[in-house]
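Trainee: Below you'll find the structure I mean.
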Amino acid sequence: MEIVLGVGGGIAAYKAALLLRLMTEAGHGVTVVPTANALEFVGAATWEALSGRPVRTDTFEAVDEVNHVRLGRRADLVVVAPATADLLARTAAGMAPDLLGNVLLTATCPVVLAPAMHTEMWHHPATVANVALLRERGVTVVDPAVGRLTGADSGAGRLPEPAEIWERAQAAAAAGAPRRPRASGSDAEPTPVPLAGRTVVITAGGTREALDPVRYLGNRSSGKQGAALARAALEAGATVRFVAGSMSVPTPEGVERVVPVESTQDLLEAVLAEAADADVLVMAAAVADFRPAEVSDAKMKKGDDGGAPVIVLERTPDVLATAVRTRSEGGPMAPLIVGFAAETGDATSSVLEYGRAKLARKGCEMLVVNEVGTDKVFGRDETAVTILFADGRPAVETVGSKDQAAAAVVQAIVDDLAGRDPAGASGR
Ligand code: CTP
């Protein structure tokens, strides 16, 4: 499951690191969202190292990724430990001065708050009222433990042990999301997250095939289309694994993990590992079809004879075809595989004819066909794509930004998954 671990600004923040370990060791993806005060106790580096994900505190960091709504929407569980008296008060009042506040306002999944504070604060009528209100709304507020507090004092207010919080959190997750009472007069539907619970592997960027330790054969892929696909899939609520070749744009925020690759062989290994238990594999990477048959261990020298080396090439493995073959041989592989094709038409066949032939040859379920020329597609923001389906559904055409193309591809994925499993994605 996708968990957001909120950390409030209290001395017990260090215990949240142990809680994080319990979550990641159980195989969950965890995004840590500390408050600014929490970072005074445990720094971002600790959270990033333990979660393997970037850590943000402020709503205005990575604004283009719309983190403040996306994190809450796609979470299956939000746990806040320690929750200070101040954080409880803000949450009860629906205030969102930072990223964690925004997550708590947008989350529709189970929310578990584990308070820690001095005994007087816990017994203060304001805190008592806030806790009662939060519980009434379906939030799980774990009672703090009794015992020694930070100073010489002791009483109710200690953060419960991480194992206990984790147990309560798992129970809350199993019980499911509380029904949030609608504010009267509000008829706004929440944004649908049709890929919630689905894992999508997206390959992006170009591969590089080494000639010697400093030179390579590469291509002009920018990775923009792959990054746009990742954003669209995240927006639809998916857990995204991003396999990144060489890219000229940043890798998107909010993905479960980024797996950097260089050569086609690296890409093949990453895809077989990452897509084995995924629902969807999207092969948007621009993959080399050929690589130098021999890679020189030392940098190739010019020599004095004025000549130039002859580079002999060999075929690279076809990653997409290998993924399809792995699946047809009964191996672990995503049930939905989406290929991309960069095509140019010629005198004998049109772009779409070549696309249909490639879809049949590759054996995947969908093929996204781009018409390429020197001034089209690579590195550009605009694109024209046609999505072809192996099951005979009519093709879908889009002209516009790479984000619009990505949205069309993600909608096609939603439709396909919904058609396979009516209990699963429901984007129709
Ligand atoms: N692809 C791949 N492994 C390769 C080459 C391509 O997985 N060695 C994938 C790409 O990521 C893309 C799809 O296959 O999703 C189509 O790539 P393209 O290069 O257009 O197709 P090719 O089969 O190489 O056909 P062509 O002869 O047109 O180059």
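The values are calculated or read from the model by the stated rules, or taken from the named source; none is laboratory data. All values reported here derive from a predicted model rather than from experimental measurement. As a convention, Cβ positions derive from the backbone with ideal geometry for all residues, glycine included, and neighbour counts pool all protein chains shown.
Trainee: Identify all residues within segment 337-365 that are modelled with pLDDT of 90 or more and assigned to a loop (DSSP other than H, G, I, E, B); write none if there are none. Before the answer, list the steps.
Mentor: We begin by selecting, within segment 337-365, every residue modelled with pLDDT of 90 or more; these are 337-341, 353-365.
Answer for segment 337-365, where residues must be modelled with pLDDT of 90 or more and assigned to a loop (DSSP other than H, G, I, E, B): Gly363, Cys364, Glu365.
Trainee: Same structure again: Output the residue which, of all residues in segment 366-381 that are more than 21 Å from Ser246 (Cβ to Cβ) and modelled with pLDDT of 70 or more, is farthest from the ligand (Cβ to nearest atom).
Mentor: Out of the qualifying residues, it is Glu371.
Trainee: Looking at Arg135, is it at pLDDT below 85 and not assigned by the TED database to the domain that holds Ala407? Before you say what the answer is, go through the steps one by one.
Mentor: Working: at pLDDT below 85: no; not assigned by the TED database to the domain that holds Ala407: yes.
Spelling it out, it is not the case that Arg135 is at pLDDT below 85 and not assigned by the TED database to the domain that holds Ala407.
Trainee: Among (1) touching a helix residue (DSSP H, G or I) at 6+ places or on another chain (Cβ under 7 Å); (2) assigned to a loop (DSSP other than H, G, I, E, B); (3) modelled with pLDDT of 95 or more; (4) small (Gly, Ala, Ser), there is one condition Gly330 misses while meeting the rest; what is its number?
Mentor: The single condition Gly330 does not satisfy is (1).
Trainee: How about segment 70-112: which of its residues are touching a residue at least 40 places away in the same chain (Cβ under 8 Å), among the aliphatic types (A, V, I, L, M) and assigned to a loop (DSSP other than H, G, I, E, B)?
Mentor: If the condition is that a residue be touching a residue at least 40 places away in the same chain (Cβ under 8 Å), among the aliphatic types (A, V, I, L, M) and assigned to a loop (DSSP other than H, G, I, E, B), then Ala75, Ala107 are the ones that fit.
Trainee: Kindly provide the set of residues from segment 258-282 that are part of a strand (DSSP E or B) and over 16 Å from the mean Cα position of the chain (by Cα), ordered by number.
Mentor: Matches in segment 258-282: none.
Trainee: Now a separate question. Which numbered condition in (1) part of a loop (DSSP other than H, G, I, E, B); (2) at pLDDT 95 or above; (3) among the charged types (D, E, K, R); (4) more than 16 Å from Val319 (Cα to Cα) is the only one that Arg241 fails?
Mentor: (1)
Results for (1) closer than 25 Å to Leu417 by Cβ; (2) surrounded by fewer than 17 Cβ atoms within 10 Å (Cβ to Cβ), shown as yes or no for each residue.
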site: Pro213; (1), (2): no, yes
site: Gly226; (1), (2): yes, no
site: Ser246; (1), (2): no, no
site: Arg257; (1), (2): yes, yes
site: Ser263; (1), (2): no, no
site: Ala278; (1), (2): yes, no
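Trainee: Sticking with this structure for a sec: Just a yes or no: is a residue in segment 280-291 over 24 Å from Ala360 (Cα atoms) and either within 12 Å of the ligand (Cβ to nearest atom) or in contact with a Cys (Cβ under 9 Å, 6 or more places away or on another chain) (or both)? Quick ask: steps written out before the conclusion?
Mentor: Kept after step one, since they are over 24 Å from Ala360 (Cα atoms), are these residues of segment 280-291: 291.
Retained after the next criterion (residues that are either within 12 Å of the ligand (Cβ to nearest atom) or in contact with a Cys (Cβ under 9 Å, 6 or more places away or on another chain) (or both)): 291.
Yes - at least one qualifying residue is present in segment 280-291.
Trainee: What residue, among those in segment 304-336 that are within 20 Å of Val261 (Cα to Cα) and acidic (Asp, Glu), is farthest from the ligand (Cβ to nearest atom)?
Mentor: Glu314
Trainee: Determine which single condition Lys302 fails, assuming it passes every other condition in (1) of a type outside the set (A, V, I, L, M); (2) surrounded by 11 or more Cβ atoms within 10 Å (Cβ to Cβ); (3) not in a helix (DSSP H, G or I).
Mentor: Result: Lys302 passes all but (2).
Trainee: Does Thr24 satisfy the condition of being among the hydroxyl-bearing types (Ser, Thr, Tyr), assigned by the TED database to the domain that holds Glu167 and either assigned to a helix (DSSP H, G or I) or surrounded by fewer than 21 Cβ atoms within 10 Å (Cβ to Cβ) (or both)? It would help to see each step written out before you state the result.
Mentor: Numbers: among the hydroxyl-bearing types (Ser, Thr, Tyr): yes; assigned by the TED database to the domain that holds Glu167: yes; either assigned to a helix (DSSP H, G or I) or surrounded by fewer than 21 Cβ atoms within 10 Å (Cβ to Cβ) (or both): yes.
Here the answer is yes, as Thr24 does meet what is asked.
Trainee: Now for a separate question. Mind checking whether some residue in segment 43-64 is assigned by the TED database to the domain that holds Arg168 and over 21 Å from the mean Cα position of the chain (by Cα)? It would help to see each step written out before you state the result.
Mentor: Here is the first cut: in segment 43-64, the residues assigned by the TED database to the domain that holds Arg168 are 43-64.
From the residues that got through so far, the ones that are over 21 Å from the mean Cα position of the chain (by Cα) too are 43.
Checked segment 43-64: at least one residue is assigned by the TED database to the domain that holds Arg168 and over 21 Å from the mean Cα position of the chain (by Cα).
Trainee: Can I ask one more? Residues Thr46, Thr59: which one is part of a loop (DSSP other than H, G, I, E, B), among the β-branched types (Val, Ile, Thr) and touching a residue at least 12 places away in the same chain (Cβ under 8 Å)? Full working, then the answer.
Mentor: Numbers: Thr46 fails: part of a loop (DSSP other than H, G, I, E, B).
From the options Thr46, Thr59, the qualifying one is Thr59.
Trainee: Another question about this same structure. Which residue out of Val249, Val255 is in contact with a strand residue (DSSP E or B) (Cβ under 6 Å, 6 or more places away or on another chain), touching a residue at least 12 places away in the same chain (Cβ under 8 Å), assigned by the TED database to the domain that holds Ser222 and more than 12 Å from the ligand (Cβ to nearest atom)?
Mentor: Just one listed residue meets the conditions, Val255.
Trainee: For segment 387-401, enumerate the residues that are in contact (Cβ under 8 Å) with a residue 12 or more places away in the chain and within 19 Å of Gly363 (Cβ to Cβ).
Mentor: If we filter segment 387-401 for residues that are in contact (Cβ under 8 Å) with a residue 12 or more places away in the chain, which is where we start, we get 387-391, 395-401.
Hits for segment 387-401 are Ile387, Leu388, Phe389, Ala390, Asp391, Ala395.
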